[in-house]
Amino acid sequence: MYNTFLIKNFKCFTELSIKELDRVNLVSGMNDIGKSSLLEAFFLHCGRHNPNLAMTINALRGFEQFNLKPEEMWGWLFSDKQTDKTIELTATMSDKKRRSLKIKLVDPKESRVVVPTESNEGTAGTGSPAEAQKELLYEFEDIRGKKLSTRLYIAVDGIKLSEPQSMIEPSGIFFSASSRPLREDAERFSNLERVGRHEEILLTVKFIEPRIKRLAVLVTGGVPLINADIGLRELVPVPHLGAGFVRLLSILLAIRSFPGGLVLIDEIENGFHHSVMRKVWAAIGEAARKEDAQIIATTHSWECIQAGHEAFLQVEKYDFKLQRLEVVDNRIEAISYDKKTLDAALRAELEVR
């Protein structure tokens, strides 16, 4: 798990330090202050061996990436688009080890990279680098502390990835505000059913849809999809049961399927009525503890913050923290609220959103 996190020169952050992270973390702050960008920084760091994640976060923003120059495709990852600087993402983990990622936009001759393999997953094309095109260079250490590097570059027939082999890292999953990973959900549910753990999911989500008797994966038109038995003549595809049910199901499946991983959730309150948020937080907290996962989510909602605080007051160990992003002296800073300070702020009805 992440204990601390330091960001330099990434998107809206010239420098941001989060000094106290817990198992479940909720990030608040005004619009456009960088909550989603903070999740993206964690996402890049937890998959620091895979430069393709830079493409992923652009796609999540709806950014068209084809036929662009590197400065346009990747330049906005850098603070104020200053591509002559280096993005630095550094974490202290629960094992006390320090793990860092440096991202640079460099000329090809400056890239000190491992030898590309012939079968790189996520590669678009196998051509040579296009002349004079800059490359996105990643420098990092593996779990043994060995220094490695890898890159993305534009080849004559597409974007190519050079990636080290045999990397075993904790997984990270990113839920955007509008994520609907239906295919992934079906696969994750099937994997849990294979080992007899699917009933855990069913029991947890029944508070949103109490009519559910069972869940099953059915294939319709070649597409696998989770369906629910709610007492009708046929099983119902879960998207018809409402956004809140689908979102909670997706989150819990991700947590259960990636033990020890990092689950990032943008605007966690989306799809949920405020009256169920306390139970939502209780379900997420229980799953995270059982799977030794870590949660980092964002919110705009005061009710969501209050529900999280109340839910974690009911468990033996209060492993919940609020991180509020604020502008202080023209810089974004993270203000941490633990159990005591958050309780006092909520009782005094202070602004913590």
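The values are calculated or read from the model by the stated rules, or taken from the named source; none is laboratory data. Every value quoted in this text rests on a predicted model; they were computed, and no experiment measured them. Quick reminder, even Gly has a Cβ in these numbers, built from the backbone with ideal geometry, and neighbours come from all protein chains shown.
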Query raised in the report: Which one of LYS109, LYS102, LYS35, LYS81 is charged (D, E, K, R), modelled with pLDDT of 90 or more and under 13 Å from LEU137 (Cβ atoms)?
Result: LYS102
Report task. Those residues that are within 26 Å of ARG197 (Cα to Cα) and among the polar types (S, T, N, Q), I need them from the range 288-322; list them, please. Result -> GLN294, GLN314
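Would you please name the residue that is surrounded by the most Cβ atoms within 10 Å (Cβ to Cβ), looking only at residues in the range 331-349 that are part of a strand (DSSP E or B) and hydrophobic (A, V, I, L, M, F, W, C)?
For the range 331-349, the residue satisfying everything is ALA334.
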Report task. Kindly establish whether PHE189 is in a loop (DSSP other than H, G, I, E, B), closer than 26 Å to LEU264 by Cα and out of contact with any Phe, Trp or Tyr (no Cβ under 8 Å at 6 or more places or on another chain). Result -> no
Report summary line: Exactly one of LEU53, LEU105, LEU44, LEU68 is part of a strand (DSSP E or B) and either touching a Gly at 6+ places or on another chain (Cβ under 8 Å) or not basic (Lys, Arg) (or both), and that one is LEU105
Query - Top-ranked residue in the range 267-279 [being free of Cβ contacts under 8 Å to residues at least 60 places away in the same chain and in a helix (DSSP H, G or I); ranked as farthest from PHE5 (Cα to Cα)] - result: SER275
Requested in this report: State whether the residues of the range 239-261 include one that is without any contact (Cβ under 8 Å) to a residue 24 or more places away in the chain and either assigned to a loop (DSSP other than H, G, I, E, B) or more than 15 Å from ALA293 (Cβ to Cβ) (or both).
Outcome: yes
Query - Verdict on GLN306 being surrounded by fewer than 16 Cβ atoms within 10 Å (Cβ to Cβ) and closer than 23 Å to VAL276 by Cα - result: no
Report task. Quick one: GLU71 ticks every box in (1) surrounded by fewer than 17 Cβ atoms within 10 Å (Cβ to Cβ); (2) under 21 Å from the mean Cα position of the chain (by Cα) except a single one, so which number is it? Result -> (2)
Requested in this report: Give the residue, chosen from VAL328, VAL352, VAL276, VAL280, that is exposed (fewer than 14 other Cβ atoms within 10 Å of the Cβ) and among the hydrophobic types (A, V, I, L, M, F, W, C).
Outcome: VAL328
Requested in this report: Look at the range 74-93 and say how many of its residues are assigned to a loop (DSSP other than H, G, I, E, B), in contact (Cβ under 8 Å) with a residue 60 or more places away in the chain and surrounded by fewer than 18 Cβ atoms within 10 Å (Cβ to Cβ).
Outcome: 3
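Residues are listed down the side, and each one gets a yes or a no for (1) under 28 Å from LEU53 (Cα atoms); (2) at pLDDT 95 or above; (3) small (Gly, Ala, Ser):
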site: ASN227; (1), (2), (3): no, yes, no
site: PRO239; (1), (2), (3): yes, no, no
site: GLY244; (1), (2), (3): yes, no, yes
site: SER257; (1), (2), (3): yes, no, yes
site: GLY271; (1), (2), (3): yes, no, yes
site: ILE284; (1), (2), (3): yes, yes, no
site: ALA288; (1), (2), (3): yes, yes, yes
site: GLN294; (1), (2), (3): yes, yes, no
Requested in this report: Under 8 Å between Cβ atoms, at least 6 apart or on separate chains: pull out the pairs that start in the range 311-323 with a residue that is under 15 Å from ASP343 (Cβ atoms) and end on any residue that is of a type in the set (Val, Ile, Thr) and surrounded by fewer than 22 Cβ atoms within 10 Å (Cβ to Cβ).
Outcome: LEU322/VAL352
Requested in this report: Go through the range 8-25 and count every residue that is closer than 19 Å to VAL263 by Cβ and touching a Phe, Trp or Tyr at 6+ places or on another chain (Cβ under 7 Å).
Outcome: 4
**Report entry** Residue satisfying all of: in the range 179-201; surrounded by 16 or more Cβ atoms within 10 Å (Cβ to Cβ) and among the small types (Gly, Ala, Ser); nearest to ILE226 (Cα to Cα) among these
**Finding:** ALA186
